[in-house]
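Nothing in this text is a laboratory measurement; each read-out follows from the coordinates by a stated rule. Everything quoted here is computed from the prediction, not taken from an experiment. Using ideal geometry, Cβ is built from the backbone for each residue, glycine included, and neighbour counts are taken over all protein chains shown.
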Amino acid sequence: MIPLAAYLVLSAALLAIGVWGALTRRSALGILMAIELILNAANINLIAFARHVRGVDATGGPMFALFVMAIAAGAAAVGLSIVICIYRNHRTVDVDRINLMKW
């Protein structure tokens, strides 16, 4: 059986990689992928704590994880559609070049 600390270390590593990726990427698609890593880190925590608290037959953590996955899928679809619309107008997905506040 894998201890809870191993799951927490994995989740912290995914969170750190996701935050680093969201802050340093120039491409909007890279930022979206980094946000997905952050959400996956949260899912690992939910399932690990549910298993740690209630044992192997816990259902609360996986239900929350499924809810987070559904929200993440919706957010990815909306984010990708926004990126496609911005690409059609500006011909780039580089977030440093895009200035939507201009008239």
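Going through region 1-20 one residue at a time, which ones are within 17 Å of residue 76 (Cα to Cα) and surrounded by 18 or more Cβ atoms within 10 Å (Cβ to Cβ)?
Within region 1-20, 18 is the sole residue that qualifies.
Going by the conditions given, is residue 95 surrounded by fewer than 17 Cβ atoms within 10 Å (Cβ to Cβ) and either in contact with a strand residue (DSSP E or B) (Cβ under 9 Å, 6 or more places away or on another chain) or of a type in the set (Asp, Glu) (or both)?
Details: surrounded by fewer than 17 Cβ atoms within 10 Å (Cβ to Cβ): yes; either in contact with a strand residue (DSSP E or B) (Cβ under 9 Å, 6 or more places away or on another chain) or of a type in the set (Asp, Glu) (or both): yes.
It is true that residue 95 is surrounded by fewer than 17 Cβ atoms within 10 Å (Cβ to Cβ) and either in contact with a strand residue (DSSP E or B) (Cβ under 9 Å, 6 or more places away or on another chain) or of a type in the set (Asp, Glu) (or both).
Go through region 71-85 and report how many residues are closer than 15 Å to residue 30 by Cβ and not β-branched (Val, Ile, Thr).
Result for region 71-85: 3.
Condition check ((1) polar (S, T, N, Q); (2) farther than 16 Å from residue 10 by Cα; (3) outside any helix (DSSP H, G or I)) across all residues:
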{"residue": "42", "(1), (2), (3)": "no, no, no"}
{"residue": "49", "(1), (2), (3)": "no, no, no"}
{"residue": "64", "(1), (2), (3)": "no, yes, no"}
{"residue": "68", "(1), (2), (3)": "no, yes, no"}
{"residue": "75", "(1), (2), (3)": "no, yes, no"}
{"residue": "81", "(1), (2), (3)": "yes, yes, no"}
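Tally up the residues in region 22-31 that are in a helix (DSSP H, G or I) and surrounded by fewer than 18 Cβ atoms within 10 Å (Cβ to Cβ), please.
Residues of region 22-31 that are in a helix (DSSP H, G or I), as a first pass: 22-24, 28-31.
Those still in the list that are surrounded by fewer than 18 Cβ atoms within 10 Å (Cβ to Cβ) too: 22-24, 29-30.
Looking only at that region, the number is 5.
Against the definition (in a helix (DSSP H, G or I) and within 16 Å of residue 95 (Cβ to Cβ)), how does residue 37 come out, yes or no?
no
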